[in-house]
Amino acid sequence: MSAPHTPPSGRPAVTEREAREVAEAAREQDWRKPSFAKELFLGRFRLDLIHPHPMPAAEDAQRGEEFLAKLRDFCETKIDAERIEREALIPDEVVNGLKELGALGMKIDTKYGGLGLTQVYYNKALALVGSACPSLGALLSAHQSIGVPQPLKLFGTQEQKDAFLPRCARTDISAFLLTEPDVGSDPARLATSAVPDGDAYVLDGVKLWTTNGVVADLLVVMARVPRSDGHPGGITAFVVEAASEGVTVENRNAFMGLRGLENGVTRFHRVRVPAAHRIGPEGAGLKIALTTLNTGRLSLPAMCAGAGKWCLKIAREWTGAREQWGKPVAYHEAVGSKISFIAATTFALEAVLDLSSQMADEDRNDIRIEAALAKLYGSERAWLMADELVQIRGGRGFETAASLKARGERAVPAEQILRDLRINRIFEGSTEIMHLLIAREAVDAHLKVAGDLIDPEKTLSDKARAGAAAGAFYARWLPKLVAGPGQLPRAYADFHPPGHADLSGHLRYVERAARRLARSTFYGMSRWQGRMETKQGFLGRIVDIGAELFAMSAVCVRAELLRTTEDHGREAYQLADVFCRQARIRADELFGRLWTNTDDLDRKVVKGVLSGTYTWLEQGVVDPSDDGPWIADASPGASERENVHRPIR
């Protein structure tokens, strides 16, 4: 048992079990709609849920394409990406230009003054803007994907929608404030308070990494309401006017990438918020946040897919122009394999994104796992593609665009995209948290029937009932994991049209691998039982295998769609084939690492590191860090710093 500790001033002391209970309570408990990814983790390859590939309505497509044409012209003529990088600031006229285009209201219904774009075209717009300037993509995404519009769309009252959505559609920038200096993915320790006072709440606390917070007009703030008579309390969501008395933006943070990002530290001191600005009931804040992110997370893979397209373009142009040893470097296998990876992976990221987005628009399936997988897979793969582009460019990849331009060469910001993309592995749920979140959903069916069986705090009678239920469930489920269509040579024959690459074998692999994945999950639960949640290495590999299988499914379905609707179906099949072959190698390696790994040894090394056993290894260097605190003090109180809030008008 870990030693007790004293929490920072004003921060609730929370046990590990209490933290899990808070997170569990915020989850959507039911599955009212089918889920392709959920079925995949259970060993059931439901191709019928994603094939034929869903398509947008003609009217939605026309409206979306018309806006994309206007947005492209704006990006090409009005956005000076070099200036934004140089000055670490997005000019006000650029933001105002986007407002005039209606870009703040892409996802907002037309009856509130928005454009009413579908998720598919919203994501295409983000990919386009993000390719021109990633900081602008982040601004628009934070405003609409997790800022005021989306939670109000899902949970707001009609009065709230009427009051705030027209503002968000045209003039007002919004931000989402959850993280605190000592609270990241463990919201049970949230310290910002909202104390009821008549027909209002009084907010006190400090929020960190408030994307858009420096320039925002409206904020979604998560705060803890204390339990009292008539108040159930709990973490609750509020819409807060950024100009309210007592709101201070104390710092504009600077980062290794996204230098134009308006991200800050925001302090609330006795800020009165009308009760009418509370979103949903008290205690529903985390559920609102997680539900908002079900589709909100798709904004990041949208910009990751866009980044892949740019990486492919630069890699193609550069490796065709650069010659070594008598031929373009693209034709040297060491470089060519990197180009193949970038091309195939870009095709996969767009396939995963478009499929997930179309499913979100259809609202026929529950896509909470698909969206999370898209975010996880997109952020990890885009970073690798950018890294490979830097390697392909060599010394020029490490050199800044400004330096290249100064000495007379094309100003290619390869090192910048590497810096800009790095945050996506942390934004809106780090890779490690995404692994745990997806794993929890993936094992949901098991926990529902066997959760009491492995819970040490349940009584013997509870365990007996759980044992009976688990026995009945597994008696039906396990036999279905033995055989399936993946073992039939002609299964999925529609995916092997004459004159095209054969994708049917890859779908048979996905079907077999899904059953193997489900069996592996069951073996893990049987082996570790209540300790399963501590096996984060195992769970992460389970999720990564599922991500590869989902991506393979998406590329095959997309290739078939393009074969029947576009001129480049043959090429799409070729890219899908290459991607699936690469993905199968990765998945097979992950299957092997489920049981052959260094997880136990790693834990021993970690204990040694933290106990000081290896401090001798740190000798021989100097530490340039200063001696400030690891975590800034976030005690409530009046601000002592200048307010750097600057609304854009």
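The values are calculated or read from the model by the stated rules, or taken from the named source; none is laboratory data. Worth saying up front: this structure is predicted, and the values here are computed from it rather than measured. No Cβ is skipped: glycine too gets one built from the backbone with ideal geometry, and neighbour counts run over all protein chains shown. With ligands, DNA and RNA removed, areas are computed over all heavy atoms of the protein, side chains included. Shrake-Rupley method; radii C 1.70, N 1.55, O 1.52, S 1.80 Å.
Computed on region 282-398, the Cα convex hull volume stands at 101 Å³ per residue. Backbone phi angles across region 529-534, fed through the Karplus curve with coefficients 6.51, -1.76 and 1.60 (θ = phi - 60°), yield HN-Hα couplings of 6, x, 8, 4, 5, 8 Hz in residue order; Gly and Pro are listed as x. Can you give the helix-only mean residue ellipticity at 222 nm for the chain, where every DSSP H stretch with n ≥ 4 adds -39500 (n - 2.57) and the sum goes over all residues, rounded to the nearest 500 deg cm²/dmol? Taken over the chain, the calculation gives -17500 deg cm²/dmol.
In order along region 385-390, the phi-based Karplus estimate (6.51 cos²θ - 1.76 cosθ + 1.60, θ = phi - 60°) of 3J(HN,Hα) comes to 5, 5, 5, 5, 5, 4 Hz; Gly and Pro are listed as x.
Quote the convex hull volume per residue of region 263-338, based on C-alpha atoms, as a whole number of Å³.
Working: hull volume 12.8 nm³, N = 76.
It comes to 169 Å³ per residue, whole-number rounded.
For region 190-239 versus region 506-542, the inter-centroid distance based on Cα atoms is 39 Å. At full extension, Thr564 and Glu323 could sit 82.9 nm farther apart than now, given 0.36 nm per residue minus the alpha carbon distance.
Here is the link list: Lys78/Lys405; Lys309/Lys338; Lys153/Lys207; Lys38/Lys480. Which ones come out longer than 18 Å on Cα distance? Where the Cα-Cα span goes over 18 Å, the pairs concerned are Lys78/Lys405; Lys153/Lys207.
Counting pairs of alpha carbon atoms under 8 Å apart in space and at least six apart in sequence, what relative contact order in percent does region 264-385 give? Write out the running numbers ahead of the final one.
On the way: 87 pairs, mean separation 44.1, N = 122.
Dividing the mean separation by the residue count of region 264-385 yields 36 percent.
Within the full protein context, the accessible area of Tyr112 is estimated at about 30 Å² for a probe radius of 1.4 Å. Please report the relative contact order for region 480-602, taking Cα pairs under 8 Å with a sequence separation of at least 6, and give it as a percent rounded to a whole number. Relative contact order here is 28 percent. Distance from the Cα centroid of region 44-84 to that of region 110-145 is 10 Å (rounded to whole angstrom).
Our summary gives the chain a relative contact order of 17 percent, counting only alpha carbon pairs under 8 angstrom and 6 or more residues apart. Enumerate the calculated ³J(HN,Hα) couplings along region 475-485 in order (Karplus 6.51 cos²θ - 1.76 cosθ + 1.60, θ = phi - 60°), each rounded to whole Hz, writing x wherever the residue is Gly or Pro. So the Karplus estimates, Gly and Pro as x, are 5, 7, 7, 4, x, 6, 8, 7, 9, x, x Hz.
Of the GluC sites (Glu not before Pro) found in region 533-641, the ones in coil according to DSSP and having at most 12 other Cβ atoms within 10 Å of their Cβ are Glu566, Glu640.
So if R0 is 35 Å, what FRET efficiency would Arg32 and Leu488 give, r being the distance between their Cβ atoms, rounded to the nearest 0.05?
Details: r = 33 Å, r/R0 = 0.93.
After rounding, the FRET efficiency stands at 0.60.
A straight Cα-to-Cα reach below 16 Å connects Lys604 with the lysines Lys535, residues fewer than 8 places away in its own chain not being considered. Here the chain is treated as a Stokes sphere of Kirkwood radius computed over C-alpha pairs; at 10 °C and 1.306 mPa s its diffusion coefficient rounds to 60 µm²/s. Close amide H pairs (under 5 Å, H built 1.01 Å from N) link Phe45 with no residue at least 5 positions away or on another chain. Hydrodynamic analysis of region 468-542 uses the Kirkwood radius over alpha carbon pairs. Inserted into Stokes-Einstein at 25 °C and 0.890 mPa s, it gives a translational diffusion coefficient of 169 µm²/s. Model label points for Ser625 and Thr15, set 7 angstrom from Cα along the Cα-to-Cβ axis, are 3.2 nm apart.
Using every pair of separate Cα atoms, the Kirkwood estimate puts the hydrodynamic radius of region 500-639 at 19.3 angstrom.
Bridgeable lysines around Lys458 (alpha carbons under 17 Å apart, same-chain partners fewer than 8 residues away excluded): Lys448. Taking amide H as placed 1.01 Å from N in the peptide plane, Ala200 has its amide H under 5 Å from the amide H of Ala275, each at least 5 places away in sequence or on another chain.
A cut-off of 5 Å between modelled amide H atoms, ignoring neighbours fewer than 5 places along the same chain, links Lys33 with Asp366.
Across Ser379, Ser526, the residue with the most accessible area heads the list, and the full order at a 1.4 Å probe is Ser526, Ser379.
Can you pull out the GluC sites (Glu not before Pro) in region 383-459 whose DSSP state is coil and whose Cβ has at most 13 other Cβ atoms within 10 Å?
Numbers: sites: Glu388, Glu399, Glu409, Glu415, Glu428, Glu432, Glu441, Glu457; in loops: Glu399, Glu409, Glu428, Glu457.
Passing sites in region 383-459 are Glu409, Glu457.
The trypsin sites (Lys or Arg not before Pro) of region 166-248 meeting both criteria, a DSSP state outside H, G, I, E and B (loop) and at most 14 other C-beta atoms within 10 angstrom of the site's C-beta, are Arg227.
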